[in-house]
Amino acid sequence: MSLPIAELVPQHIRAFEAYVPSKPDPELMRAYKVDHLHRLNNNENALGPPPAAARILAGFEPPRAAVYPSGDSYFLRQALAERFGKDPERFLVGNGSCEVIASVIKAFCDKGDNIVTADKTFAVYEWVAEFSGFEARLIPLADNGFDSEAMLRAMDGRTKIIFVCNPNNPTGSWWDRDQMERFLRGVDGRAIVVLDEAYREYVDDERFPDGMEIMERHPNVVVFRTFSKMYALAGLRVGYVCGQKEVVDYIRRTHIVYSVNMLGQHAAVAALSDDAEHIPATRAMVARARELLLPAFDELGLPYVSGAGNFVMVRTPASDSLIYRQLMRRGVMVRTMTGFRFPNWIRVSLVQEPVMRDFLLAFREVIELTRPDGPA
């Protein structure tokens, strides 16, 4: 007897297309016949973690792997509370920001509810809402930034969460304090506003609104931050949410305990204690990389988008998937942007100067090969 599997699956799951991650680097290197691979696809911090966190990683004793981690990331929440001057109960730590996104949506959305966000931003907001059975209302960007007025117009009585990626991935645009305040006054507490500040540490501008301060005046605001980007702990998957205690209490009810590994928790605590030189050094690396790439894009006559964050986007004269394959054959891995609704664009992570020069050498070759009129 055959089992009618499809009949057991909700329609919104049958209609959802699963995300397929790339293969591991050794498999990609074998497939493309290269002996090295510059990873410029995931906005990783090529400097690695701060020294104190690196020492934690190097000194991890194997017998500790047999012991369960703190189920609620106790010491990390204490460290975050000390850093930001808040009650540790206002922090919830997750297995990267993706788990925290899911927990917030589960906490506040019910059948028939919707979320509001941009159409060209971090896609996980949309994905989690849709495979959970909720509508994702996607508002087009305006000048590569979130359109606050259009987002307010999209709200209705069933809008439970608004996701604002600030700075935005992949455009690097961000709202300043005045624009953020106008938007939050327009929301008027009618929905939870998530400020995803994954790239906040890359912004050194006094006009940037600090979500940790904003939430004290707007109790419907919660903030996401991560140790994956600036702190270079992406492989350990540590992210967190902070908000008013009542809000976080509800999110905690939907959250899986023990989801953050022991090594990640301890490395994150150490990273917080040792970032005084790490953050400026990373910003300097990113600034130098930007100084190298943007004039080259100008010289090639290619449009680009360069805002905050450790990445830039550039439009290519051929399919982004074709450019990707050609660069991979030269040992360079970038992110194709069709999935972000930017067809024929690629995103490039900003790393150390030697790698940026390798990228530019490969990129120039590929552009000349793929221009519609052929090599110059």
How many residues are part of a helix (DSSP H, G or I) and basic (Lys, Arg) if we restrict to segment 337-365? 2
For segment 48-76, enumerate the residues that are buried (at least 16 other Cβ atoms within 10 Å of the Cβ), under 24 Å from Ile279 (Cα atoms), touching a residue at least 40 places away in the same chain (Cβ under 8 Å) and of a type outside the set (Val, Ile, Thr). Pro49, Pro50, Ala52, Ala53, Leu57, Ser73, Leu76
Could you please find all residues in segment 1-25 being part of a helix (DSSP H, G or I) and either at pLDDT 95 or above or open to solvent by less than 80 Å² (accessible area, probe 1.4 Å) (or both)? Ala6, His12, Ile13, Asp25
Meets criteria (under 23 Å from the mean Cα position of the chain (by Cα) and within 27 Å of Gly48 (Cβ to Cβ)) for Asp320: no
Filtered residue count, segment 328-376, keeping only those that are farther than 30 Å from Thr117 by Cα, modelled with pLDDT of 95 or more and either open to solvent by 10 Å² or more (accessible area, probe 1.4 Å) or out of contact with any Phe, Trp or Tyr (no Cβ under 7 Å at 6 or more places or on another chain) (or both): 19
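Take Ser306 and decide whether it is open to solvent by 10 Å² or more (accessible area, probe 1.4 Å), within 22 Å of the chain's Cα centre (by Cα) and more than 18 Å from Leu76 (Cα to Cα).
Details: open to solvent by 10 Å² or more (accessible area, probe 1.4 Å): yes; within 22 Å of the chain's Cα centre (by Cα): yes; more than 18 Å from Leu76 (Cα to Cα): yes.
Judged against the criteria, Ser306 is a match.
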Test for Thr121: is it part of a strand (DSSP E or B), of a type in the set (S, T, N, Q), surrounded by 15 or more Cβ atoms within 10 Å (Cβ to Cβ) and touching a residue at least 40 places away in the same chain (Cβ under 8 Å): no
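Out of Ala46, Ala65, which single residue is part of a helix (DSSP H, G or I) and among the small types (Gly, Ala, Ser)?
Working: Ala46 fails: part of a helix (DSSP H, G or I).
Of the residues listed, the single one that is part of a helix (DSSP H, G or I) and among the small types (Gly, Ala, Ser) is Ala65.
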Within segment 264-286, which residues are open to solvent by 40 Å² or more (accessible area, probe 1.4 Å) and not hydroxyl-bearing (Ser, Thr, Tyr)? His266, Val269, Asp274, Ala276, Glu277, Pro280, Ala281, Arg283, Ala284
Taking interchain pairs and intrachain pairs at least six residues apart, which have beta carbon atoms under 6 angstrom, with the first residue in segment 77-101 and under 18 Å from Tyr258 (Cβ atoms) and of a type in the set (Phe, Trp, Tyr) and the second in a strand (DSSP E or B) and open to solvent by less than 60 Å² (accessible area, probe 1.4 Å)? Phe91/Tyr240; Phe91/Cys242
Within segment 49-62, which residues are more than 17 Å from Arg237 (Cα to Cα) and in a helix (DSSP H, G or I)? Pro51, Ala52, Arg55, Ala58, Pro62
Looking at Tyr250, is it within 25 Å of Phe134 (Cα to Cα), of a type outside the set (Asp, Glu), in contact with a helix residue (DSSP H, G or I) (Cβ under 7 Å, 6 or more places away or on another chain) and open to solvent by 10 Å² or more (accessible area, probe 1.4 Å)? yes
Tally the residues that are in a loop (DSSP other than H, G, I, E, B) and closer than 27 Å to Asp205 by Cα, restricting the search to segment 299-336. 6
Only one of (1) buried (at least 16 other Cβ atoms within 10 Å of the Cβ); (2) not hydrophobic (A, V, I, L, M, F, W, C); (3) not in a helix (DSSP H, G or I) fails for His36. Which number is that? (1)
Which ones in segment 253-263 are within 13 Å of Pro69 (Cα to Cα), hydroxyl-bearing (Ser, Thr, Tyr) and either in contact with a helix residue (DSSP H, G or I) (Cβ under 9 Å, 6 or more places away or on another chain) or open to solvent by less than 20 Å² (accessible area, probe 1.4 Å) (or both)? Ser259
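Quick grid of which residues meet (1) in contact (Cβ under 8 Å) with a residue 40 or more places away in the chain; (2) among the charged types (D, E, K, R); (3) within 20 Å of Cys109 (Cβ to Cβ):
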residue	(1), (2), (3)
Gly133	yes, no, yes
Asn144	yes, no, no
Ala154	no, no, yes
Thr159	yes, no, yes
Val164	yes, no, yes
Asn168	yes, no, no
Arg182	no, yes, no
Please pick out the residue among Arg253, Arg237 that is under 22 Å from the mean Cα position of the chain (by Cα) and either over 29 Å from Asn114 (Cβ atoms) or at pLDDT 95 or above (or both). Arg237
Since Tyr240 meets every condition but one in (1) farther than 30 Å from Arg190 by Cβ; (2) open to solvent by less than 20 Å² (accessible area, probe 1.4 Å); (3) among the hydroxyl-bearing types (Ser, Thr, Tyr), which condition does it not meet? (1)
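The values are calculated or read from the model by the stated rules, or taken from the named source; none is laboratory data. As the structure is a prediction and not an experimental result, all values here were calculated from the model. All Cβ positions, even for glycine, are placed from backbone atoms using ideal geometry, and neighbour counts span all protein chains on display. What goes into the accessible areas is simple: the full protein's heavy atoms, side chains included, and nothing from ligands, DNA or RNA. Shrake-Rupley method; radii C 1.70, N 1.55, O 1.52, S 1.80 Å.
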